[in-house]
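Bear in mind these aren't lab numbers, they're just calculated from the coordinates by the rules spelled out. As the structure is a prediction and not an experimental result, all values here were calculated from the model. Cβ placement follows ideal geometry from the backbone for every residue including glycine, while neighbour counts extend to all protein chains displayed.
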Amino acid sequence: MKQRKITLAFLLIANVFGAFAQKWYTPDIDQKVEALLKQMTVEEKLGYIGGVNWMYTQNIDRLGIHRMKMSDGPQGLGTNGKSTAYPATVMLAATWNENLAYQYGQSLGRDCRARGVNIILGPAVNIYRAPMCGRNFEYMGEDPYLTSRTAVGYIKGVQDQGVMATIKHFIANNSDYDRDHISNDIDERTLNEIYFPSFKAAVQEAEVGAVMTSYNLLNGIYTTENPWLLKEVLRKQWGFNGVVMSDWGSTHYCVPAAKGGLDLEMAGGEKMNPKDMAYYLKTGDVTIDMVDEKVRHILRVLIAFGFKDGVGEDKSIPLDNPASVETALNVAREGLVLLKNEKNILPINPRKYKHIIVTGKNAHGYIKGGGSGGVIPFHYTSLFEGIKKEGELNGVKVEYVDELDFLPGIMYTDNSLSQTGFRTEYFNNINFEGNPVVTQTEKKINYSWAGGTELPGMNRENYSVRWSGVMCSKETADFDFSMGGDDGYRVFINDQAVIDDWTPGAFRSSNITKTLEAGVKYRIRIEYYQKGGAAGVNFIWKNKNENKDEFSAYLNKADLIIACFGHNSDTEGEGSDRTFELPEKDKKMLASIFSSKKPTIGIVNAGGNIEMQEWEPSLKGLIWGFYGGQEAGTAVGDVLFGKVNPSGKLPMTFEKRWEDNPAYNSYHDPDGDKHVAYTEGIFIGYRGYDKLKREVQYPFGYGLSYTTYKLSNVAVSKPNADGAVEVTCKLTNTGNKAGAQVIQVYVGKTESSVVERPEKELRKFEKVFLKAGESKAVKMVIPQNAFTYFDVNTKKFVKDAGNYNVMLGFSSRDIKAQQSILIN
Ligand code: BGC
């Protein structure tokens, strides 16, 4: 009898959700869910569909329902104190290594278990359209296939540890400016071919337990309240059985969210709150069946993932786990992308370059992008420390120099001109009210305060700082003053505001020129406040007539310069977009470096491309460091000195100019109507650059190695009975160093179709590790669906018969071999 019931239940599941059901959703689960649901009062149900205490679901002790504990991801556990800080997930994608993505997820899963965390809020898989998106570093690049493989590895790794992963942000959170109000208008084919695949793979291949909606609207409807997206696509078409949670505060209206398919409002029941829901139950705008459905989905994962009775902290796993640290290091090593290596300047020859100067704002500290994905590591190795350690092992002198130490010495704490520096006062409010909490003398103003000032007694957020003193130059000269900050900043000379940007917001900077008369004392006051989120401030002055650049002169002592620049949480992060231009401060630093004429290697941190026409040609070597997590310094040191052979590949195209990007006309909202139509359709990233026949700075899939590879014996089979095609080839390491190359397989239709198809699309890749001189035979299967497109009439991927090019290469613009096959 029992057996029969289970079979019936299974049939019911199969019937309701079509052929697909996620593996953890076994037939007995709903019996347990229904039993609990029957015992819940309406009040309990209404309470249960909203989170509590920022990162928990509700507990109902009477029914033995334990709360579920969440933690932010995706790049480490950001919520429960210190944790291993992994490289940003864009860097994980740059490894092109699904096994490593699995290890990354596995390590995260163990970090969760050590802290009794049930649900991790990651991975994030929105597609990269433009370099400015503030959260690109949390995503996985421009290609749906690479993103899918990376996300599937990550999720399986997490969930094999018994922890539930959350795929986010569903959907179209491809920019972060005005994210609460922008409607991203995307046609159905484009959604299905570009923006959906990684979410669908997460559901169907990786069996993800939770989906988080986004802040924005899709085609005019908030994704959190979008029944087509959440009910029709996610549940009905894809067979998702888990829980749909909102992003923190992305629920905008009660009834639309309740009807639209949202199960769990996070961070708490604010819009779908018990009081309003009870009212709408009475008016009939919502029904108890709708509520039951939500509760069912939450209870289902609670039971299926074994969280109902609570899961304690697994004390056998160290909080600062050496295995996690190793994963973080492996990903940092494999994810670094070597973009330029003029005359093989890298790896550094210690006999030739005996004295290295490291400089730049990102040389020190733990460098990361800003926002909710932030992690506080137990320990980290800065870029400078990593380079110095490896340099010294190679007998090289490595020294750090800060350009701000070379500012003209005209700033004094008071009228006596006896002490250089600023009198500095820190206040625990944003208006300089009351007594300062800390008063001290500071020599320069150059701060990144992502984690607060770390001064004793100071708030981490909501504070203000005043620097004051007297400026006195020996000669009459024009001085350039440059001030930057996140949030408000202003500069007064003799109590008159000369720079004034007293508004909250992302990092920006202002410049003025002012003549200082010889011997005259000018009262200088610099004010800054931090109101929340990212924080940073800097103030620089320069004598315009002074051609001698002390910084540049000092650099001349070295044989080689390593400049660490780009973005960090001051300028790139959640909640806003950043500039495509390199921050002004870096441009100035590079100008000084280049005037020293010393060979220079750039290590750049950023979630994606930065405008580089002015400075890239002057670099001898360029390594894209993304955000390398706590082990970034070790990885960079290892690659610079050749201990590790770089094998990372760009997960996005680097355009020459922003105007070249296929989304150039469709990324912003110039008419202010809050609608952004993705008019380029499926032709985003390399698909678009190919179509537009645009030269690019560095193509998708590009990355250099210290060795060379040869691809040979390429053969492409005819499609088998399932329509799959087998690709075989041989890869040889023709150089004298062990290394890894990624064989990228692109497919493109050569004849016209009913719909326009891209010249090439990534359909498979394999990272092959080879010793010097070694060869390996590689076999890859391209499934039948690699040759399909999404048909909006039948709402299905359909076969598209004709001739296709199967292309094998080392980047999207470096195709080594291609063969034509006929798909019938
Ligand atoms: C972010 C999510 C994050 C959540 C919780 C939101 O601001 O968009 O990605 O998981 O906060 O911190």
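Some values worked out for this structure:
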read-out	value
Rounded, prolate or oblate (a/c below 1.5 giving rounded, otherwise prolate when a/b exceeds b/c) for the range 343-399 by Cα gyration tensor	prolate
Cα centroid separation - the range 226-286 against the range 779-804, whole Å	34
Taking the chain and dividing mean pair separation by its residue count, relative contact order in percent (alpha carbons under 8 Å, at least six apart)	14
Estimated [θ] at 222 nm from DSSP helical runs (n ≥ 4, -39500 (n - 2.57)) normalised by residues in the chain, nearest 500	-6500 deg cm²/dmol
Helix 144-159 vs. the chain, principal-axis angle (Cα, 0 to 90°, nearest 10)	80
Fewest-first sequence of Glu138, Glu232, Glu225, Glu527 by Cβ atoms within 10 Å of each Cβ	Glu232, Glu527, Glu225, Glu138
Relative exposure of Phe170, Phe580, Phe481, judged by other C-beta atoms within 10 Å (fewest first)	Phe580, Phe481, Phe170
Gap separating the Cα centres of the range 489-514 and the range 395-459, nearest whole Å	17
J(HN,Hα) series, the range 500-512, from Karplus relation 6.51 cos²θ - 1.76 cosθ + 1.60, nearest Hz, glycine and proline x	8, 10, 8, 10, x, x, 5, 4, 8, 9, 9, 10, 9
Relative contact order %, the range 267-398, counting alpha carbon pairs below 8 Å whose residues are six or more apart	19
Which listed pairs, of Lys368/Lys588; Lys200/Lys643; Lys315/Lys649; Lys168/Lys587; Lys45/Lys82, have C-alpha distances above 30 Å, in listed order	Lys200/Lys643; Lys315/Lys649; Lys168/Lys587; Lys45/Lys82
Rounded to 5, the percent of DSSP beta bridges in the chain classed as antiparallel	75
Pairwise centroid distance, computed over Cα atoms, of the range 597-627 with the range 572-590, Å	13
